[in-house]
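Engineer: First, the structure itself, so that you have it in front of you.
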Amino acid sequence: MKNIDQIKFKCPFCNADITSEYDSTINVTQNPELKEELFSGRIFLRECSECEKDIQIIYDFIYHDMDRKILLGFSRNPESFGEVISELMNSTDNEDFNFQTFYADYKIRAVADINDLFEKIYIFDDQLDDRAIELCKVFILQEWVDDPERKDLKIIGLKYLPLEVLKQEYAEAKDDLIGFNALTDNKKSLIIPLQRELYKNCEEHILSNLKSSAIEDNLIVNAKWLGNNLNN
């Protein structure tokens, strides 16, 4: 089922006012081709009806993978997705249907950045926990700071690297490793491998110190989430 909405924008080429339709739900189970279109950016292309040039329009949407049980809300205001979830929970929480129970096995998150959305998909597709991945990032950044040989080089971006890409790009990649892509302040990109055993330890720490497993308390998972949602 499609959820058709309209988006209005001004063409940057001819300045025409354009109205275009889009599906606010990207269901990659029912429409597998949409996943590749999402990652390539083609799903955001709209043709101006006046000058016929292609324009990239990033809009709010929900990414749904029914097979892997992934539900991601993308919005420049991710809290708004939380409001949608709360409304759904309140409207369906009755003796016949309980939202929390039905979606207990789902990974439900909200993000405001498209690259964060891609990272969540990579993590969940590899059957990992994004909360543990955030804790892994803390260890990586701390080790980087403590390394005297790297004192003049800062990491300004750190993203999880899909296992498939890690095996292609990192010659020493093995099944006992996961990887991260780091962007440094001199604009260089490098792969940082991490022992899967450390990831497992992070996952165990997260699960044993989680203040709440409720959907609304685990909706926006990032570095800030670690400081607010763990007992230790």
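Engineer: Name the residue farthest towards the positive end of the dipole of the chain from the options I133, N77, N186, assuming +1 on Cβ of Lys and Arg, -1 on Cβ of Asp and Glu, about the Cα centre.
Structural biologist: N186
Engineer: If you don't mind, another one. Tabulate in residue order the Karplus-calculated ³J(HN,Hα) for region 105-121, using 6.51 cos²θ - 1.76 cosθ + 1.60 with θ = phi - 60°, rounded to whole Hz; enter x for Gly and Pro.
Structural biologist: 8, 7, 9, 10, 9, 10, 9, 10, 10, 5, 5, 5, 4, 4, 4, 4, 5
Engineer: Taking H as built 1.01 Å from N, whose amide H comes closer than 5 Å to the amide H of T29, not counting residues under 5 places away?
Structural biologist: Placed amide hydrogens put M66 under 5 Å from T29.
Engineer: Considering amide H positions built from the backbone, and no H for Pro or chain starts, which residues 5 or more places from L177, or on another chain, come under 5 Å of its amide H?
Structural biologist: Amide H neighbours of L177: R196.
Engineer: I've got another one for you. If I stretch the segment between H205 and A223 completely, what's the gain in nm (0.36 nm per residue apart, minus their alpha carbon distance), one decimal? All intermediate terms of the calculation are to be shown ahead of the outcome.
Structural biologist: Working: separation 18, 0.36 × 18 = 6.48 nm, distance 1.53 nm.
Length gained, H205 through A223: 4.9 nm.
Engineer: Would you kindly state how much longer the chain becomes between F39 and E197 on full extension, computed as 0.36 nm times their sequence separation minus their alpha carbon distance, in nm to one decimal?
Structural biologist: Details: separation 158, 0.36 × 158 = 56.88 nm, distance 2.98 nm.
So the chain would gain 53.9 nm between F39 and E197.
Engineer: Output wanted: per-residue J couplings in Hz (rounded whole) for region 133-142, from phi through Karplus 6.51 cos²θ - 1.76 cosθ + 1.60, θ = phi - 60°, x for Gly and Pro.
Structural biologist: 4, 4, 5, 4, 4, 4, 5, 4, 5, 5
Engineer: Just report the Cα centroid separation between region 115-180 and region 40-83, whole Å.
Structural biologist: Value for the Cα centre distance between the two parts: 25 Å.
Engineer: Also: Go ahead and run the numbers for FRET between E169 and Q6, Cβ-Cβ distance against an R0 of 45 Å, rounding to 0.05.
Structural biologist: Details: r = 41 Å, r/R0 = 0.91.
Efficiency computed from Cβ-Cβ geometry: 0.65.
Engineer: I've got another one for you. Can you give the local net charge around F124? Use residues other than it whose beta-carbon is closer than 10 angstrom to its beta-carbon, Lys and Arg +1, Asp and Glu -1.
Structural biologist: Numbers: positive: R68, K69, K107, R109, K120; negative: D65, E119, D125, D126, D129, D130.
Taking every Cβ under 10 Å from that of F124, the sum is -1.
Engineer: Tabulate in residue order the Karplus-calculated ³J(HN,Hα) for region 10-16, using 6.51 cos²θ - 1.76 cosθ + 1.60 with θ = phi - 60°, rounded to whole Hz; enter x for Gly and Pro.
Structural biologist: Values, residue by residue: 9, 5, x, 8, 10, 6, 6 Hz.
Engineer: With each label point set 7 Å from Cα along the Cα-Cβ vector, what nm distance links A16 and R76?
Structural biologist: Here the answer is 2.3 nm between the modelled labels.
Engineer: Nearest 500 deg cm²/dmol is fine: what mean residue ellipticity at 222 nm does the chain get from its DSSP H runs of n ≥ 4 alone, each adding -39,500 (n - 2.57), divided by its residue count?
Structural biologist: Working: 8 runs with 82 residues, N = 232.
Taking each H run of at least 4 residues, the total per residue is -10500 deg cm²/dmol.
Engineer: Quick one: which residues, 5+ away or cross-chain, put their amide H under 5 Å from the amide H of I220? H built at 1.01 Å from N.
Structural biologist: A110
Engineer: Take the Cα atoms of region 1-82, build their convex hull, and give its volume per residue in Å³.
Structural biologist: Hull volume normalised by residue count: 103 Å³.
Engineer: Moving to a separate point now. Mind putting a number on the dipole of the chain about its Cα centre? Charges go on the C-beta only, +1 for Lys and Arg and -1 for Asp and Glu, and I need it in Debye to the nearest 20. Before the final figure, lay out the partial values.
Structural biologist: On the way: 27 positive and 45 negative charges, 129 e Å.
Approximately 620 debye in magnitude.
The numbers here are math on the coordinates, done by the rules we state, and not lab data. Quantities reported herein were computed from a predicted structural model and do not represent experimental measurements. A quick note on method: Cβ atoms are made from the backbone with ideal geometry, for glycine too, and the neighbour counts reach across all protein chains shown.
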